[in-house]
1. Do you know which of the residues in the range 348-364 that are free of Cβ contacts under 8 Å to residues at least 24 places away in the same chain and more than 9 Å from the ligand (Cβ to nearest atom) is nearest to GLY100 (Cα to Cα)?
2. Looking at TYR162, TYR231, which is the one that is touching a His at 6+ places or on another chain (Cβ under 9 Å) and modelled with pLDDT of 95 or more?
3. So which of ARG240, ARG212 is in a helix (DSSP H, G or I) and either over 39 Å from the mean Cα position of the chain (by Cα) or surrounded by fewer than 13 Cβ atoms within 10 Å (Cβ to Cβ) (or both)?
4. Filter the range 322-345 down to the residues that are in contact (Cβ under 8 Å) with a residue 24 or more places away in the chain and not polar (S, T, N, Q) and list them by number.
5. Give, as residue ranges, the strands (runs of 3 or more DSSP E) completely inside the range 250-349 that count at least 3 residues that are crowded, with 19+ Cβ neighbours inside 10 Å.
6. Given the residues GLY382, GLY421, GLY398, which is the only one that is within 23 Å of THR286 (Cα to Cα) and not assigned by TED's automatic domain parsing to the domain that holds GLN320?
7. Please tell me if GLY408 is at positive phi and without any contact (Cβ under 8 Å) to a residue 60 or more places away in the chain.
8. Only one of GLY116, GLY32, GLY96 is surrounded by fewer than 16 Cβ atoms within 10 Å (Cβ to Cβ), modelled with pLDDT under 90 and within 26 Å of ASP317 (Cβ to Cβ); which?
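The values are calculated or read from the model by the stated rules, or taken from the named source; none is laboratory data. The model shown is predicted, which means the values in this text are computed figures rather than measured ones. Methodologically, a virtual Cβ is constructed for each residue, glycine included, from the backbone with ideal geometry; neighbour enumeration extends over all protein chains shown.
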Amino acid sequence: MPLHNKRDLMSKGSGRSISRRRLLTMIGLSAGSTAMYQAMHSLGFAAETKFTRPIQLSAAPKGASVLVLGAGIAGLVAAYELRNAGYRVQVLEYNGRAGGRNWTLRGGDQYTELGGDTQECRFDPGHYINPGPWRLPHHHLGMLSYCKRLGVALEPFVQINYNAYVHSRKAFGGKPQRLRTVKADYHGHVAELLAKATQSDSLDAGVTAEDRAKLLDSLRFWGALDRNFRYVKGAASNDRRGYERDPGGGLSARPQFSEPVGLRDLLNSGLWAALPFGEMYDFQTTMFQPVGGMGQVGQAFARELAPLICYNAKIVDIHQDEHGVRATYENTAAGSSRQTVQADWCVCTIPLSILGQIPMNVGGPMAAAIAAVPYCTSVKVGLQFKRRFWEVDEHIYGGVTYTDLPIGQISYPSSGFFSDGKGVLLGAYIWDMLNSMEFTSMTPAERVAKAVEYGSTSIRNTARSLTTGSRSLGIVHRSRWVVSAFGQRRPALSTTTICADSTAASSSRESTPPTCRPGRKAPSLRRSMRLTGCTGAPSR
Ligand SMILES: Cc1cc2nc3c(=O)[nH]c(=O)nc-3n(C[C@H](O)[C@H](O)[C@H](O)COP(=O)(O)OP(=O)(O)OC[C@H]3O[C@@H](n4cnc5c(N)ncnc54)[C@H](O)[C@@H]3O)c2cc1C
């Protein structure tokens, strides 16, 4: 059903209207979360920021004050814009640093997870890992604009690398395949089948004679078919999937052609599942990363807003009434007693997973909405190696290897190409529930050992290129200040629902922290809501 706009949807038809929530639930149940997300987009509920240029909030009412709870990207953006508009802003942040999930670990840093395990990062200087966000799509216009304004240098993030691997334990005897060959063979076979259907007139109903010729031409080019529209061993297919022996050089410049994998084997391998990743909107080329790690963004905001941020302030109570908003916090560094601060307004960006545990006087629907948002967990493992063996031995420069092993993927660094000496790669990035829970139950050392064991199956030389001594980090998102990784959107929890009450919250999915304070209008604050967070829909 085409979804044009919400008024059409609600007013047309048999007179029996269906609620938006019900409709989205039905789409979600019958067609899956992607279809539901698209439907939410069409209805205007999951739309991305309409950011086109830096916003100009209208001037603050004289003397108006705002508390911003949480100094993740959402809180920092809110504080930055509100300060610029003339509000008196105070930011209260649990950690001793700004950025929240936007964060980079490098040599000398420590990380203590829930449960008490503390890991010390012992990477050599210049190496790092981003435990949280790590890449910025070209359409995160707000975030890219803040980077520019705050002087955060960006460099390309390589998402798609045709020379990286796709790997399944069940396919090709467990031998990793280059993405290039799987992609070329899949396109080739599909193109050949479609060409056959076109030639045999079975598409007559939908395609005119003239279009048929054009379709055949395009299929031949797209699928690298030969002149007879067959996807076979030869010059056309090898131009995409690569050669057994490359053309040029030596006594004979003639290439040795490689044999495409048969359609049946390809389908049975399941490796085609990795092909669309680079086609997805969030992962399309060009992507970016801050030079020196994602944490540079939080640090740049922190420099800009230094006098406004109170660190080590753990909010333990939020109260709102007709006089404003009161927040009570504990100083986690000094272990001191509680303190209370007050302001006219409050922008709360504490993750819902935490906010749901903080006493506050909000209405029932809001409390229910906060409690109902499910969060995923995620695991990342950073491994330092003696040498960049993926470049030297495998000619893989950036990009991702996808595997059906529990580590999910291995990501190669998008910077420092060809440098001598050590290198750090992301040895695991897990966010499916089962595997991340399994890794979470391990000690950090066990996580690292498992990541190396699995990694050695997907890419050779992994184990033998490890540095001696502990130089690795197995990070799970079990931190006191977010508890898990990212929120999951559910049909019943559209932004409308979250904003229906007066108090506010943000998660990675719901990156629009509404403002607290019932019964008062604050147009300038409301405009700031659209800007927050670095994502519309989160990309991981
Ligand atoms: C593993 C992972 C990978 C991701 N990858 C990407 C990516 O590649 N690209 C992308 O765009 N997005 C990505 N995301 C999503 C992105 O990280 C989030 O959308 C974004 O960082 C959320 O920012 P936030 O300010 O809403 O929340 P947070 O960053 O969680 O900030 C909340 C802040 O509140 C503070 N806080 C918590 N409790 C209290 C309390 N009681 N008192 C005071 N302060 C408190 C926290 O310390 C924190 O600083 C990823 C997320 C994860 C977890």
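1. Filtering first and then ranking leaves GLY356.
2. Sole residue among the options that is touching a His at 6+ places or on another chain (Cβ under 9 Å) and modelled with pLDDT of 95 or more: TYR231.
3. Answer to the check: ARG212.
4. GLU322, GLY324, VAL325, ALA327, TYR329, ALA333, VAL341, ALA343, ASP344, TRP345
5. 287-290, 313-321, 324-331, 345-348
6. Only one candidate qualifies: GLY398.
7. Here the answer is yes, as GLY408 does meet what is asked.
8. The conditions single out GLY116.
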